[in-house]
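For reference, the structure is listed below as structure tokens.
The values are calculated or read from the model by the stated rules, or taken from the named source; none is laboratory data. A quick note: this is a predicted structure, and the numbers were derived from the prediction, not measured. Positions of Cβ are generated from backbone atoms using ideal geometry, with glycine treated the same way; all protein chains shown enter the neighbour counts. Note: areas computed on protein heavy atoms with side chains; ligands, DNA, RNA excluded. Shrake-Rupley method; radii C 1.70, N 1.55, O 1.52, S 1.80 Å.
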Amino acid sequence: MTISRSEKNRRYRKSLRDRKRIVVKVGSSSLLHPETGRMDYHKIDVLARELCDLKNRGKEVILVTSGATAVGREALRGSQGSGEEENSITRKQACAAVGQARLMMIYQKFFEDYNQVAGQVLMTRDTITDNLSKYNLHNTFTELLHLGVIPIVNENDSVATHEFSIGDNDNLSAMVAYLMEADLLILLSDVEGLFTDDPRRNPNAGFIEYVEKLDSAMMDMGKDSAGSGFGTGGMSTKLQAARIAVAGGCDMVICNASNMRVIHDVVEGVNVGTIFCADRDEDFDLADYLEETF
Ligand code: GLU
């Protein structure tokens with residue numbers, strides 16, 4: 001008897017309840033009010049509560065968060081001037097330095113409310129490509145998880161110029177999942193998941209809920225457009241992230257973060273977003289992939 005695709009999806013989803021090490025990635029657009037660009041405390045609060053609840057269920061949790069630059073820009077509004085200067089790399093890096101500290105302050109507050117300790121890990125491209133840095137990173141994450149801490153990760157935007165940068169947190173989160181051998185990566189996004197075409201331009205675009213095998217036709221479905229003005233992640237970076245995650249033996253779900261409780265649904269095996277099934281590839285080499293792709 002052949003099993004239908006939707007039945008396969010249903011069965012696979014149920015197995016997500018058993019995942020132990022979970023990486024959650026949240027983008028700037030999911031943390032800020034679109035009307036003002038200011039922090040959405042309600043959403044950040046629910047996010048923290050969901051993650052702390054996962055910890056209480058005995059899961060290991062790593063959060064990869066964007067928002068440093070956007071939060072810093074907002075904090076420095078009024079003292080920034082305009083024109084070219086505002087878009088310069090150094091200005092962006094200064095904003096990130098201010099914003100990253102603010103972001104952590106807010107996370108610390110909410111995590112503390114739910115009785116969990118959070119720690120900050122900032123990375124650049126070198127942290128992945130340099131073997132010693134990678135080794136140190138792995139040790140730090142391992143120790144943090146051992147101590148019951150929730151690591152909060154971002155790119156070190158205040159020092160990472162283009163050549164040193166990973167560039168987007170979709171890929172960064174997949175690299176963290178890969179290095180730490182996580183078994184589930186949840187990409188919280190402002191889109192529902194993967195469509196056969198850009199649904200904002202093509203009303204006939206079909207939704208894909210279950211990707212058993214990530215082939216090249218599927219990779220081509222990524223469109224180079226971000227849903228909002230705040231983040232850098234369009235669908236193409238999400239598919240690149242999926243490539244890394246599944247090759248590392250990690251399932252990945254893209255889902256809409258308009259309600260952060262979706263994290264609970266994903267881990268309960270509810271059919272939300274798009275799931276990419278783990279498909280370990282022993283020939284995959286992260287450093288080579290980085291070299292070829294970026
Ligand atoms: N690391 C950047 C920030 O925190 C965001 C990158 C991204 O949105 O993918 O501003």
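Just a few scattered comments:
- Of all residues making up the range 1-37, the number that are among the basic types (K, R) and under 25 Å from T237 (Cβ atoms): 4
- Scanning the range 166-183 for residues that are within 12 Å of the ligand (Cβ to nearest atom) and not in a helix (DSSP H, G or I) yields I166, G167, D168.
- Set Y114, Y107: member being under 17 Å from the mean Cα position of the chain (by Cα), aromatic (F, W, Y) and within 29 Å of H146 (Cβ to Cβ): Y107
- Among the residues of this structure, R125 counts as one that is in contact with a Gly (Cβ under 9 Å, 6 or more places away or on another chain), within 15 Å of the ligand (Cβ to nearest atom) and either at positive phi or basic (K, R) (or both).
- Picking from residues in the range 205-255 that are at pLDDT 85 or above and basic (K, R), the one that is farthest from A287 (Cα to Cα) is K213.
- Restricting the search to helices (runs of 4 or more DSSP H) fully inside the range 1-118 and requiring at least 2 residues that are out of contact with any strand residue (DSSP E or B) (no Cβ under 9 Å at 6 or more places or on another chain) and away from the ligand (no atom under 15 Å from the Cβ) gives 5-15, 41-56, 89-113.
- Filter result for T90 (among the β-branched types (V, I, T), surrounded by fewer than 18 Cβ atoms within 10 Å (Cβ to Cβ), over 22 Å from the mean Cα position of the chain (by Cα) and modelled with pLDDT under 95): yes
Yes/no matrix, rows are residues, columns are (1) within 19 Å of M175 (Cα to Cα); (2) open to solvent by less than 40 Å² (accessible area, probe 1.4 Å):
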site: G78; (1), (2): no, no
site: A97; (1), (2): no, no
site: A118; (1), (2): no, yes
site: L122; (1), (2): yes, no
site: N131; (1), (2): yes, no
site: N136; (1), (2): yes, no
site: T140; (1), (2): yes, no
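- Put simply, of V149, V98, V121 the only residue that is free of Cβ contacts under 8 Å to residues at least 40 places away in the same chain, in contact with a helix residue (DSSP H, G or I) (Cβ under 9 Å, 6 or more places away or on another chain) and within 22 Å of F294 (Cβ to Cβ) is V121.
- Unmet criterion (only one of (1) under 30 Å from K20 (Cβ atoms); (2) of a type in the set (V, I, T); (3) modelled with pLDDT of 95 or more) for V98: (1)
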